[in-house]
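The values are calculated or read from the model by the stated rules, or taken from the named source; none is laboratory data. This one's a predicted model, so the numbers in the text were calculated from it and none came from an experiment. No Cβ is skipped: glycine too gets one built from the backbone with ideal geometry, and neighbour counts run over all protein chains shown. Areas reflect the complete protein model, heavy atoms only, side chains present, ligands, DNA and RNA absent. Shrake-Rupley method; radii C 1.70, N 1.55, O 1.52, S 1.80 Å.
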Amino acid sequence: MAFTAKDVQTLRERTGCGMMDCKKALTEADGNMDKAIELLREKGLAAVAKKSGRIAAEGLVYGVVDADKKVGALIEVNSETDFVAKNQDFVDFVEQCAKTVIAENPADVDALMNVNAFGTSETVAAVLQDKVLTIGENLKIRRFVRMEGDLITYIHGNGRIGVIVKFDTDVAGKDGFADYAKDIAMQIAAANPQFLDKAAVPAETIEKEKEILTAQALNEGKPANIAEKMVMGRINKYYKEVCLVEQEFVKDGDLTIAKYTDKVAKELGGNISIVEFTRFEKGEGLEKRNDNFADEVANMVK
């Protein structure tokens, strides 16, 4: 009995198992869905499904750079509890995932799940399932980014916030550059810029902002010509809030990040420009568990 890619997808949804495991089970079961589920349960893989519905919004953001290869990765892996996020087995798994991203350059999380985990002959999906079974919580690889070039990563608050920054520079090896790069990464972690510079802000975002600010000014009773000037002033203030290079440097309010960058480049006798950055905050945008210990104990007693 043959089976299709849709059958593999259905089996994945019903069991929470990896694509390759589902494919093997369907092959072994001659395309019979129930038999395939039974086979996966016998192997202990379908036990993962019971945990896959549970909310995973804790976890860890982790960053690593291979200085020799000039490649780096930033990754977020979620767990259900903060307690598990501190478990060394979980931390090692997150590190292994980041190294896999560097080595294999997967296109997305699905592609990452299907490559061999760094240092093993097992897929990341298989290693993840093993961790779910041994750790006893739902774990999810949520997102990652991989960059090449002169990079730095910075992790704040035991994996609560992670940053990776790419620079275009000819002074990367000079004393003082590493301190500057760390300052930039820390700025991103603390000030949470949305864009690199003015040019990176989408035109529609600015238009929307102008609409809101114009309405505010008119509601304040300002004449249209005055409102227009006020809006331009407020747009410049908006750029200073959301654009990294326009922001005030947190360590020295007299300098913007652009001016601080120019100052360091001059001191080191070369050129530095910030090319791109990514900032992950653990669990941002995810539904959080609402644990009530008293209720949990009462339910257990029942």
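Worth pointing out:
- Selected residue (criterion: modelled with the lowest pLDDT) from residues of segment 1-31 that are open to solvent by less than 70 Å² (accessible area, probe 1.4 Å) and assigned to a loop (DSSP other than H, G, I, E, B): Gly16
- The set of residues in segment 192-205 that are open to solvent by 20 Å² or more (accessible area, probe 1.4 Å) and in contact with a helix residue (DSSP H, G or I) (Cβ under 8 Å, 6 or more places away or on another chain) comprises Gln194, Phe195, Leu196, Asp197, Lys198.
- Glu80 being closer than 28 Å to Glu148 by Cα and either modelled with pLDDT under 95 or not small (Gly, Ala, Ser) (or both): no
- Per the listing Lys266, Lys288, the residue uniquely at pLDDT 95 or above and surrounded by fewer than 14 Cβ atoms within 10 Å (Cβ to Cβ) is Lys266.
- Flag set for Glu248, criterion: closer than 30 Å to Thr214 by Cβ and either at pLDDT 95 or above or out of contact with any helix residue (DSSP H, G or I) (no Cβ under 7 Å at 6 or more places or on another chain) (or both).
- Contacts under 6 angstrom Cβ, first residue in segment 1-25 being more than 14 Å from Asp110 (Cβ to Cβ), partner of a type in the set (D, E, K, R), 6 or more apart: Met1/Asp30
- Criterion (in contact with a helix residue (DSSP H, G or I) (Cβ under 7 Å, 6 or more places away or on another chain) and either open to solvent by less than 30 Å² (accessible area, probe 1.4 Å) or under 23 Å from Ile37 (Cβ atoms) (or both)) met by exactly one of Leu74, Leu112: Leu112
- Where Ala185 falls short, out of the listed (1) among the hydrophobic types (A, V, I, L, M, F, W, C); (2) under 26 Å from Phe93 (Cβ atoms); (3) exposed (fewer than 15 other Cβ atoms within 10 Å of the Cβ): (3)
- Pair list, Cβ < 6 Å and 6+ apart or interchain, from segment 141-163 residues that are under 17 Å from Ile188 (Cα atoms) to residues that are among the charged types (D, E, K, R) and not in a strand (DSSP E or B): Arg160/Lys282
- Any hit, segment 60-82, residues being under 18 Å from Asn158 (Cα atoms) and part of a helix (DSSP H, G or I): yes
- For segment 77-94, filtering for residues that are surrounded by 17 or more Cβ atoms within 10 Å (Cβ to Cβ) and among the charged types (D, E, K, R) leaves 1.
Yes or no, residue by residue, for (1) within 15 Å of Glu281 (Cβ to Cβ); (2) touching a Gly at 6+ places or on another chain (Cβ under 8 Å); (3) at pLDDT 95 or above:
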site: Ile161; (1), (2), (3): yes, no, yes
site: Lys166; (1), (2), (3): no, yes, yes
site: Lys182; (1), (2), (3): no, no, yes
site: Ile188; (1), (2), (3): yes, no, yes
site: Phe195; (1), (2), (3): no, no, yes
site: Ala199; (1), (2), (3): no, no, yes
site: Glu209; (1), (2), (3): no, no, no
site: Thr214; (1), (2), (3): no, no, no
site: Lys222; (1), (2), (3): no, no, no
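- Among residues of segment 216-239 that are in contact (Cβ under 8 Å) with a residue 12 or more places away in the chain, those with a beta-carbon under 9 Å from a residue that is open to solvent by 70 Å² or more (accessible area, probe 1.4 Å) and outside any helix (DSSP H, G or I) at least six positions away or on a different chain give the pairs Ala227/Glu220; Met230/Glu220; Met230/Lys222.
- Number of the exception - Arg54 against (1) surrounded by fewer than 17 Cβ atoms within 10 Å (Cβ to Cβ); (2) part of a helix (DSSP H, G or I); (3) at pLDDT below 80: (2)
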